[in-house]
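The values are calculated or read from the model by the stated rules, or taken from the named source; none is laboratory data. Remember, predicted model here, so these are calculated numbers, not experimental data. Don't worry about glycine lacking a Cβ; one is built from the backbone with ideal geometry, like all the others, and counts go over all protein chains shown.
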Amino acid sequence: MSTVSRTTTTELTADGRPLGALYSGNIRAVISRGLLATKSTNWLVMVSGFFEPVLYLLSMGIGLGALVGSVAGPDGRPLSYAAYIAPALLATSAMNGAVYDSTWNVFFKMNFAKLYQGMLYTSLGPLDVALGEIFLALLRGLLYATGFTAVMALMGLITSPWGLLMIPASVFIAFGFASFGMGITSFMKTFQQMDWINFVMLPMFLFSATFYPLTVYPEPIQWVIQVMPLWHGVELLRELSVGVFSLATLGHIGYYLVMVMLGPVLTTGRLRRLFLR
Amino acid sequence: MSQNVSLNAPHKFVISAHNLTKKYGDFTAVDDISFDVPAGESFGLLGPNGAGKSTTMRMIGGVSQRTSGTLTIMGLDPEQNGPQVRAHLGVVPQQDNLDEELRVRDNLIVYGRYFGLPMSYLNPKADELLAFAQLTEKAKSKVDDLSGGMKRRLTIARSLVNDPTILLLDEPTTGLDPQARHILWDRLFRLKEAGTTLILTTHYMDEAEQLCDRLVVVDKGRIMAEGSPAALIRQYSTREVLELRFGSARNTTVAAELQGIGERTETLPDRVLIYAHDGEAAMDSVSQRGLHPITSLIRRSSLEDVFLRLTGRSLID
């Protein structure tokens with residue numbers, strides 16, 4: 001565009017692009033910066049993120065699984081305990097990665113590394129930065145999901161070709177969480193407030209039918225769990241892993257569709273609060 | 001020259017701020033300030049820490065939203081057209097915010113990519129800027145390994161990657177040793193000669209005198225005075241200043257006995273200042289009254305004196 005040639009004009013005319021105050025259409029620059037930085041410094045962190053769900057799967061699935069034996073799968077047929085919890089661990093890892101990247105990571109780069117401060121003094125708008133960071137988070141999520149699904153396959157935990165769809169489904173789940181996460185971060189000012197995020201995430205991980213079926217709870221508690229997003233992700237991936245679907249499957253997909261549509265609206269509305277104080 | 005331009009051709013202003021105000025809750029950081037900057041001028045905001053200089057800079061860059069007032073940069077509102085306005089700005093923030101995860105040269109390239117500039121332009125540009133900042137040998141170093149002065153030069157080099165029409169410099173030499181400062185000043189002079197509009201905040205009066213065609217003195221978010229450094233000194237101070245030290249215990253009592261010498265006196269904790277057009281003559285009068293300071297010094301008035309006159313306080317607390 002006109003930025004390359006040095007002009008002596010001192011007068012600009014607004015180009016009238018939609019969202020011109022927030023967006024310059026240059027998400028690519030944010031993404032390539034992220035990849036370059038990852039290549040030179042962060043790759044070890046990435047490896048550790050891959051191992052976390054694998055370690056859970058090995059300890060709980062094999063260790064605890066020896067005591068539990070088999071449990072009833074989505075269609076009622078018996079399933080090994082490891083095969084039962086593996087999709088849930090994948091959904092949780094998609095959630096954790098997306099939330100971490102869109103909350104703690106954004107908070108740190110905003111307030112401490114001052115990375116966004118530098119970016120936002122260029123032609124980039126806050127929406128370029130937000131979308132670029134979400135894309136990077138999803139790319140990372142895609143790598144993790146692929147790796148974890150490969151581990152599941154190696155352990156013989158995938159019994160249906162539908163299981164491969166867990167990979168895009170994880171990215172879909174991650175997108176739902178990431179698009180909300182940044183909006184939520186815009187309300188946070190201190191580290192103490194950031195801790196509330198963990199306060200929500202940990203119980204959600206433990207109680208969303210991750211390690212045992214929802215039916216162990218009394219009905220009112222079941223309702224609470226079913227309102228939470230992670231449960232829908234767990235159920236969706238669990239159904240995909242065995243290739244058994246019902247009307248509920250559509251409900252789970254619908255839940256994330258709504259998240260994916262509402263999240264960016266919230267985040268875009270809060271971008272000024274997040275980046276332009 | 002710049003005054004003529006500003007009178008005859010108002011559309012030549014690259015920055016126009018009118019009644020600009022920024023409040024954070026009850027605190028008013030910038031309080032109803034107005035100024036215009038014509039293209040090619042080197043314009044300074046001089047004031048102590050907390051005067052509202054950085055906030056003003058952030059509003060110009062469109063990364064802080066004003067509470068009220070109008071602001072146009074090259075005819076556009078940076079709040080409405082942030083990305084488009086910033087394509088023509090270079091920004092050197094008060095604290096270096098280099099990308100620590102990237103190497104020195106990559107910092108320049110990646111920053112250029114944020115402006116949407118192509119690699120065919122950026123590769124030679126990065127080398128040119130490294131030479132300009134005297135960092136060619138450090139191209140592959142980690143940012144962390146650079147000295148403070150080098151980081152500052154890299155930040156300035158980075159701000160030039162898009163050939164900005166307007167360069168915003170927030171306290172560009174704070175924390176640098178004298179030699180590093182002079183190298184920086186030299187680089188800024190060259191940019192000024194090349195026609196770049198410089199907007200500079202500083203609390204160093206020598207920096208303001210060296211670099212600014214025109215400046216505003218700001219304190220507590222308000223503009224106290226406006227003019228060229230020489231004009232401000234003429235208007236608010238005398239030609240010379242006689243600095244006397246009588247020892248911190250006696251300065252205040254002696255000050256009373258100095259009344260009537262020079263145009264006026266100013267008593268600071270560590271010294272007494274006598275403002276006079278002829279410093280030597282004032283010194284003679286002091287001796288005639290039988291007063292013998294421990295040290296005495298005659299110097300030319302500076303912007304520091306202007307600030308002291310306007311606010312009753314020193315620039316650096």
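What number of residues within region B:86-135 satisfy the criterion of being among the aromatic types (Phe, Trp, Tyr), more than 7 Å from chain A (Cβ to nearest Cβ) and within 21 Å of A:ASN111 (Cα to Cα)? Steps first, answer last, please.
Of the residues in region B:86-135, the ones among the aromatic types (Phe, Trp, Tyr) are B:111, B:114-115, B:121, B:132.
Now narrow it down to the ones that are more than 7 Å from chain A (Cβ to nearest Cβ): B:132.
Next, only the ones that are within 21 Å of A:ASN111 (Cα to Cα) stay: none.
So the count comes out to 0.
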Go through region B:214-224 and give me each residue that's within 14 Å of B:ASP36 (Cα to Cα) and over 11 Å from the mean Cα position of the chain (by Cα). B:ILE223
Out of A:VAL242, A:VAL260, A:VAL234, sole residue that is of a type in the set (A, V, I, L, M, F, W, C) and either within 14 Å of another protein chain (Cβ to nearest Cβ) or over 17 Å from the mean Cα position of the chain (by Cα) (or both): A:VAL242
Scan region B:181-196 and tell me whether some residue there is touching a helix residue (DSSP H, G or I) at 6+ places or on another chain (Cβ under 8 Å), at pLDDT below 90, in the same structural domain as B:LEU89 (by TED's automatic domain parsing) and exposed (fewer than 14 other Cβ atoms within 10 Å of the Cβ). no
Going through region B:208-261 one residue at a time, which ones are among the hydrophobic types (A, V, I, L, M, F, W, C), touching a helix residue (DSSP H, G or I) at 6+ places or on another chain (Cβ under 9 Å) and in a helix (DSSP H, G or I)? B:ALA208, B:LEU211, B:ALA230, B:LEU232, B:ILE233
Can you find a residue in region B:277-299 that is under 21 Å from B:GLY47 (Cβ atoms) and either in contact with a strand residue (DSSP E or B) (Cβ under 8 Å, 6 or more places away or on another chain) or assigned by TED's automatic domain parsing to the domain that holds B:MET224 (or both)? no
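Could you name every one of the helices (runs of 4 or more DSSP H) located completely within region A:45-124 that has at least 1 residues being in contact (Cβ under 8 Å) with a residue 60 or more places away in the chain? Full working, then the answer.
Working: elements: A:65-68, A:81-102, A:104-111, A:115-120.
Output list reads A:81-102, A:104-111, A:115-120.
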Can you tell me which residues in region B:155-171 are crowded, with 24+ Cβ neighbours inside 10 Å, of a type outside the set (Gly, Ala, Ser) and touching a helix residue (DSSP H, G or I) at 6+ places or on another chain (Cβ under 6 Å)? B:ARG158, B:VAL161, B:LEU168
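Based on what the data block shows, is A:LEU250 part of a helix (DSSP H, G or I) and under 19 Å from the mean Cα position of the chain (by Cα)? Break it down into steps so the answer makes sense when it comes.
Numbers: part of a helix (DSSP H, G or I): yes; under 19 Å from the mean Cα position of the chain (by Cα): no.
Spelling it out, it is not the case that A:LEU250 is part of a helix (DSSP H, G or I) and under 19 Å from the mean Cα position of the chain (by Cα).
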So which residues in region B:236-276 are touching a residue at least 60 places away in the same chain (Cβ under 8 Å) and not charged (D, E, K, R), if there are any at all? B:TYR236, B:SER237, B:THR238, B:VAL241
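Search region A:220-245 for residues being outside any helix (DSSP H, G or I) and touching a helix residue (DSSP H, G or I) at 6+ places or on another chain (Cβ under 7 Å), and hand back the single one that is nearest to A:ALA86 (Cα to Cα). Can you show your working first?
Filtering region A:220-245 for residues outside any helix (DSSP H, G or I) gives A:228, A:243-245.
Among the residues that remain, those that are also touching a helix residue (DSSP H, G or I) at 6+ places or on another chain (Cβ under 7 Å) are: A:228, A:243, A:245.
Working: A:MET228: 19, A:GLY243: 14, A:PHE245: 18 Å.
Applying the filter and picking the extreme gives A:GLY243.
In region B:62-84, how many residues are within 7 Å of chain A (Cβ to nearest Cβ) and in contact with a Gly (Cβ under 8 Å, 6 or more places away or on another chain)? Show your work before the answer.
We begin by selecting, within region B:62-84, every residue within 7 Å of chain A (Cβ to nearest Cβ); these are B:63-65, B:74-76, B:79-84.
Those still in the list that are in contact with a Gly (Cβ under 8 Å, 6 or more places away or on another chain) too: B:63, B:79-84.
Number of matching residues: 7.
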Which condition from (1) in contact with a helix residue (DSSP H, G or I) (Cβ under 9 Å, 6 or more places away or on another chain); (2) without any contact (Cβ under 8 Å) to a residue 24 or more places away in the chain; (3) of a type in the set (A, V, I, L, M) is the one that A:ALA150 breaks? (1)
